[in-house]
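Notes follow once the structure below has been shown.
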Amino acid sequence: MRHMVYKRFERFWHWAQSLLIIAMIATGFEIHGSYQWLGFEDALFWHEWCAVTLIVLWLFAIFWHFTTGEWRQYIPTTDKLSDVVSFYIRGIFLGQTHPYRATPERKHNPLQRFFYLGFKLILAPLIWVTGALLLLHPFGIEVIPLGALSGLHLLVAFLFVVFLIGHVYMTTTGPTPTSHIKTMITGYEEEH
């Protein structure tokens, strides 16, 4: 038996956001000088293009979340939080069943709610503010010294990479290593 968990827009928003963030990480590290691939000018162009596209996508997503009431999915809860944490620390290695079942009304388990809310309220604003300030620097607007600002933007970028790695790892912890990915493609979660 299967049930719909993620609507079409949620899936589009998730995958488009993922691709844009990965592209921004790749171009951002090239801009920083970590490697050579596109060249500085092209990397900067694509980094800024992806940033603007992601901002537009997030504006649509914010509108969608508030008009549909889906913003409630991110309200933190401690209900079953200790069970979920215990599952990921111990139970998953013992073959225990996940203590939380996603439904259209409660898509994210309590641990996901905390991490996604932190992403949306801390990481995302930090990367946008530092990125915007970096864009203003060539125009003589310096709120924070360039080295500190660049370092902070880079630190947040590394936190994005950590979040991405953790997120991808967590997709493999379902009943099968690809079941969560399949759910984000089809929108349907299979009952196991």
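The values are calculated or read from the model by the stated rules, or taken from the named source; none is laboratory data. Note that the coordinates shown come from a computational prediction; the quantities given were computed from them, not determined experimentally. When we count neighbours, we look across all protein chains shown, and the Cβ atoms used for this are built from the backbone with ideal geometry, even at glycine.
Please find, within the range 155-183, the residue that is farthest from V5 (Cα to Cα) out of those that are surrounded by fewer than 16 Cβ atoms within 10 Å (Cβ to Cβ) and in contact (Cβ under 8 Å) with a residue 60 or more places away in the chain. My answer is V161.
Do we find a residue being in contact with a strand residue (DSSP E or B) (Cβ under 7 Å, 6 or more places away or on another chain) and charged (D, E, K, R) anywhere in the range 2-25? The answer is yes; a qualifying residue exists. Of the residues making up the range 3-59, just one is within 30 Å of S179 (Cβ to Cβ) and of a type in the set (D, E), namely E10.
Contact map, the range 78-101: residues that are on the phi > 0 side of the Ramachandran plot paired with residues that are surrounded by 12 or more Cβ atoms within 10 Å (Cβ to Cβ) and of a type outside the set (A, V, I, L, M, F, W, C), Cβ distance under 9 Å, separation 6+ or inter-chain. Pairs shown: K80/P99; K80/Y100; K80/N109; K80/P110.
Quick one: in the range 2-36, which of the residues that are β-branched (V, I, T) and part of a helix (DSSP H, G or I) is nearest to the chain's Cα centre (by Cα)? Per the stated criteria, the residue is I21.
When residues in the range 92-114 are screened for being surrounded by 15 or more Cβ atoms within 10 Å (Cβ to Cβ) and either touching a His at 6+ places or on another chain (Cβ under 8 Å) or in a loop (DSSP other than H, G, I, E, B) (or both), 8 of them pass. Taking the criterion of being at pLDDT below 90 and surrounded by 13 or more Cβ atoms within 10 Å (Cβ to Cβ), the residues of the range 137-154 that qualify are H137, I144. Listed conditions (1) part of a helix (DSSP H, G or I); (2) within 21 Å of the chain's Cα centre (by Cα) are all met by F45, apart from (2). Criterion first (without any contact (Cβ under 8 Å) to a residue 60 or more places away in the chain, over 20 Å from the mean Cα position of the chain (by Cα) and either crowded, with 17+ Cβ neighbours inside 10 Å or within 22 Å of F9 (Cβ to Cβ) (or both)) does L121 satisfy it? Here the answer is no, as L121 does not meet what is asked.
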